[in-house]
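Note sheet for the following structure.
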Amino acid sequence: MRVLLLLGAAACGAASLPPFTQPSNGAGADSDRALVVFVWPHSTCDPGGYYTLATDDGRFVGNVSAGTNLRASLPAGEYTIVGWDPPQEESNGGALEEAVPVLRAHLAAGRTYYVRMAFGEWGPRGPVDVYAVRTGRAICFRREGMSPTSAMVALTPDAREWSQLPEWRREHAWAAPDPAGQGWLDTHRDVLAAHVAVGTRRFALLREDARRMATIE
């Protein structure tokens with residue numbers, strides 16, 4: 001299913017970061033808020049562009065691109081977070097459901113959560129076997145004529161990629177949302193509502209194991 005959207009032009013951010021993003025550091029969570037770090041490792045499945053992340057109640061979480069860690073501070077509570085790739089949607093005339101990642105978040109004050117942006121690894125109902133047995137290399141899963149699928153996956157000590165987190169923390173550029181991003185989102189509530197609807201449908205179709213992977217708590 002394709003969602004047709006009218007996307008406004010965003011102001012330019014720092015040269016190496018997406019729009020409405022500013023440099024940050026890897027400091028931990030404040031005692032009265034939760035910290036969610038969205039990690040986008042480089043891979044051969046990257047769709048290009050950047051992803052805008054927002055909560056279902058209209059909070060601008062930030063923009064994240066390949067090779068960056070987005071440091072998002074949020075009040076404690078429960079959220080559905082969805083994402084979309086504005087450059088790709090503008091060039092493709094819309095978004096496919098498999099390209100709209102969704103994350104359920106149950107956040108506690110003072111806690112830090114890590115989420116990995118994953119591309120080409122999930123089908124409509126959850127992760128597929130994306131690693132070749134002989135080489136161990138990632139294989140992009142995509143349907144004919146579409147960009148790689150996308151997902152937001154909880155990065156926990158049980159995850160296969162957890163051992164790579166120190167390297168990603170050290171080598172990725174750290175970013176945080178610029179306050180102007182909230183103003184941009186406030187003028188594009190129709191865009192957010194469309195993606196929240198897509199993300200909600202997609203989450204409902206996921207297998208139980210995939211729902212757990214797409215949840216932080």
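Structure summary
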quantity: Filtered residue count, the stretch 19-35, keeping only those that are under 15 Å from residue 181 (Cβ atoms) and assigned to a strand (DSSP E or B); calculated: 3
quantity: Residues of the stretch 55-90 that turn out to be among the hydrophobic types (A, V, I, L, M, F, W, C) and either more than 9 Å from the chain's Cα centre (by Cα) or not in a strand (DSSP E or B) (or both), as a count; calculated: 7
quantity: Residue selected from the stretch 41-75 under the condition among the hydrophobic types (A, V, I, L, M, F, W, C) and touching an Asp or Glu at 6+ places or on another chain (Cβ under 8 Å), by the criterion nearest to residue 120 (Cα to Cα); calculated: 45
quantity: Of all residues making up the stretch 154-170, the number that are open to solvent by 20 Å² or more (accessible area, probe 1.4 Å), under 19 Å from residue 28 (Cα atoms) and either in contact (Cβ under 8 Å) with a residue 12 or more places away in the chain or within 18 Å of the chain's Cα centre (by Cα) (or both); calculated: 5
quantity: Subset of the stretch 22-44 (residues that are surrounded by 19 or more Cβ atoms within 10 Å (Cβ to Cβ) and either closer than 15 Å to residue 74 by Cβ or modelled with pLDDT under 90 (or both)); calculated: 24, 29, 34, 35, 36, 37, 38
quantity: Residues (among the β-branched types (Val, Ile, Thr) and surrounded by 13 or more Cβ atoms within 10 Å (Cβ to Cβ)) located in the stretch 185-200; calculated: 191, 196, 198, 200
quantity: Residue in the stretch 174-182 that is open to solvent by 40 Å² or more (accessible area, probe 1.4 Å), modelled with pLDDT of 95 or more and either in a helix (DSSP H, G or I) or among the small types (Gly, Ala, Ser) (or both) present; calculated: yes
quantity: The stretch 81-127 - residue that is hydroxyl-bearing (Ser, Thr, Tyr) and surrounded by fewer than 17 Cβ atoms within 10 Å (Cβ to Cβ) and, of those, nearest to residue 43 (Cα to Cα); calculated: 91
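The values are calculated or read from the model by the stated rules, or taken from the named source; none is laboratory data. Being a predicted model, the structure only gives us computed values, none of them experimental. Don't worry about glycine lacking a Cβ; one is built from the backbone with ideal geometry, like all the others, and counts go over all protein chains shown. Ligands, DNA and RNA are excluded from the accessible area calculation, which covers all protein heavy atoms including side chains. Shrake-Rupley method; radii C 1.70, N 1.55, O 1.52, S 1.80 Å.
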